[in-house]
Amino acid sequence: MAIKEIFVPDIGDFKEVDVIEILVKPGDRVEKESSLITVESDKATMEIPSPAAGIVRELRVKVGDKVAEGTLILLLEEMEGAQAVAAAPQAKPAAAAPKPSVTAAVPAPPVGETRGSSDLAEVPPLVPRTGPVPYEPIAEPAAFKPHASPSVRKYARELGVDLARVQGSGQKGRITPEDVQAFVKSVLRGAPAASPAPAGGAALGLIEWPQVDFAKFGPIETQPLSRIKKLTGANLHRNWVMIPHVTQFDEADITELEAFRKGHTADTERQGFKLTLLAFLIKACVTALRQYPEFNASLDKTGANLILKRYYHIGVAVDTPDGLVVPVIRDADRKGVFDLARELAEISKLARDKKLKPGDMQGGTFSISSLGGIGGTAFTPIINAPEVAILGVSKSSMKPVWVGGKEGRFEPRLMLPLSLSYDHRVLDGVLAARFTTYLVSVLSDIRRSLL
Ligand code: CAO
């Protein structure tokens with residue numbers, strides 16, 4: 001039996017496409033028209049079928065490869081009677097068939113067109129296309145379509161899975177066979193399945209997520225989200241949707257605190273670390289959490305009980321090139337400001353070097369997110385569940401503050417903006433205002449937190 005090379009056929013306007021699935025392995029027997037691989041461009045997903053029946057002898061592409069017309073896909077031991085060795089993209093099932101106006105943008109070559117390359121000189125004419133070139137247009141808002149290859153759609157259909165409810169973990173949010181399996185497992189376990197924004201919206205009875213072909217309006221570039229962004233994004237989304245957030249804003253006069261901090265920076269820098277404002281904020285928060293223990297707490301699974309924690313593990317949001325992480329400083333109540341500053345430097349370095357272990361980010365009881373080194377006057381941080389509150393810190397600035405009562409005067413004071421988001425199921429506005437007022441008083445009189 002002759003070994004034949006199977007190449008990527010003419011794929012219309014697409015110069016280079018990604019291999020996103022390999023549907024066969026060496027030793028597999030394939031029929032004519034069975035799908036061999038799935039490729040994907042910015043706009044389309046298509047399966048390349050076998051132009052002949054035979055046994056797959058050797059794969060020459062792998063997932064993630066970029067291929068173009070003429071790329072060798074595999075070696076096929078052809079069965080008798082098979083002629084054509086150049087594959088042709090397979091038309092999609094009717095449900096995924098494009099609108100005529102869209103397919104017109106990807107013209108099919110004339111029937112019988114041959115290749116110009118000498119390597120491919122022996123390749124017989126392309127199998128004529130029997131249908132439109134597969135093209136998966138981004139649907140208009142009325143018809144949200146999950147991002148999945150035809151074979152994954154088929155797999156989902158066989159299992160009775162509604163792909164709109166499956167979260168895609170592949171490139172550009174594409175749904176993989178493993179995502180479908182994970183979804184089925186989660187349903188069998190009775191766990192609520194994660195769902196992307198559109199399906200989540202549908203579950204809430206909202207209108208569908210707008211699906212826009214941005215490329216229609218100008219040049220675009222697609223950047224896959226980092227693993228950290230996907231993970232934190234899913235957590236933030238859940239927390240934002242499930243926790244009724246309220247944010248209480250306040251300002252602390254840190255004029256004295258800054259003077260104290262600056263007075264010690266040279267000393268700590270000699271010891272090899274920076275005495276940051278954040279270290280004082282951690283200390284002040286612990287003092288306020290001791291005073292208001294409901295903020296150092298979590299709801300239990302039933303939502304009927306509040307679990308007050310007698311330990312103070314403070315999470316600190318750290319920005320890294322791959323996204324936001326929240327390492328935890330343990331037993332912050334038992335550490336001095338200098339120790340906290342030293343530890344902060346260590347964990348933010350570990351975070352940026354991607355060396356944090358999962359345990360370093362667990363067990364937090366309250367979090368602080370500081371954007372003070374960057375700018376802004378206030379923001380609404382999202383609570384880091386199962387915690388019930390988070391403190392956002394913005395950039396301090398000199399402000400004229402009225403001091404001394406009726407006979408007083410304006411004085412330039414360094415004011416630090418604070419934004420406390422809290423879970424309104426657990427904490428009410430009065431308590432939150434008391435917490436921030438107390439925190440402001442602690443920060444304004446550093447002796448209170450240092451004692
Ligand atoms: N007001 C004014 N200036 C401030 C300030 C504040 N609240 N906080 C810090 N600064 C200044 C510092 O004085 C320092 O200035 P110098 O370089 O002149 O000394 C500079 O900003 C950098 O501060 P720092 O080195 O002390 O770092 P930090 O404590 O502000 O932050 C860390 C450390 C890890 C929190 C920070 O690097 C970070 O990652 N911030 C982003 C947090 C984040 O992503 N939050 C999520 C927001 S919601 O998505």
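Above 28 Å, the calculated P(r) of region 228-450 contains 27 percent of its Cα-Cα pairs.
Evaluating 6.51 cos²θ - 1.76 cosθ + 1.60 at θ = phi - 60° for every residue in region 233-249, the Karplus couplings come out as x, 5, 5, 4, 4, 4, 5, 5, 6, 8, 10, x, 8, 10, 10, 9, 9 Hz, glycine and proline recorded as x. Taking a straight line from the alpha carbon of Lys66, these lysines sit under 16 Å away, with near neighbours fewer than eight places off in the same chain left out: Lys15, Lys43, Lys172.
Near the amide H of Arg60, within less than 5 Å, lie the amide hydrogens of Leu74, Leu75, all on another chain or at least 5 residues away, with H placed in the peptide plane. Annotation: amide H of Glu251 within the under-5 Å range of Leu418, sequence separation 5 or more or interchain, hydrogens built in the peptide plane.
Across the cross-link table entries Lys262/Lys355; Lys309/Lys335; Lys229/Lys354; Lys229/Lys309, which are compared at the Cα atoms, the separations over 20 Å belong to Lys262/Lys355; Lys229/Lys309. Couplings 3J(HN,Hα) of region 222-227, computed from phi: 9, 10, x, 6, 5, 4 Hz, in residue order, whole Hz [Karplus 6.51 cos²θ - 1.76 cosθ + 1.60, θ = phi - 60°; x for Gly and Pro]. Listed by chain and number, the lysines whose C-alpha is less than 19 Å from the C-alpha of Lys32, apart from same-chain residues fewer than 8 away, are Lys4, Lys92, Lys154. Restriction of the chymotrypsin sites (Phe, Trp or Tyr not before Pro) in region 320-391 to DSSP coil positions whose beta-carbon has at most 10 other beta-carbons within 10 angstrom yields no sites. Put simply, the amide H of Glu33, placed in the peptide plane, has neighbours under 5 Å in Ser50, Ala52, leaving out anything fewer than 5 places away on its chain. Residue-wise HN-Hα couplings along region 20-37, as the Karplus relation 6.51 cos²θ - 1.76 cosθ + 1.60 with θ = phi - 60° gives them from phi, are 10, 8, 10, 9, 9, 9, x, x, 5, 9, 10, 8, 4, 6, 5, 6, 9, 9 Hz; Gly and Pro carry x.
Only the coordinates and a few stated rules stand behind these numbers; no lab work does. If you're wondering where the values come from, they're calculated on a predicted model, not measured in any experiment. Using ideal geometry, Cβ is built from the backbone for each residue, glycine included, and neighbour counts are taken over all protein chains shown.
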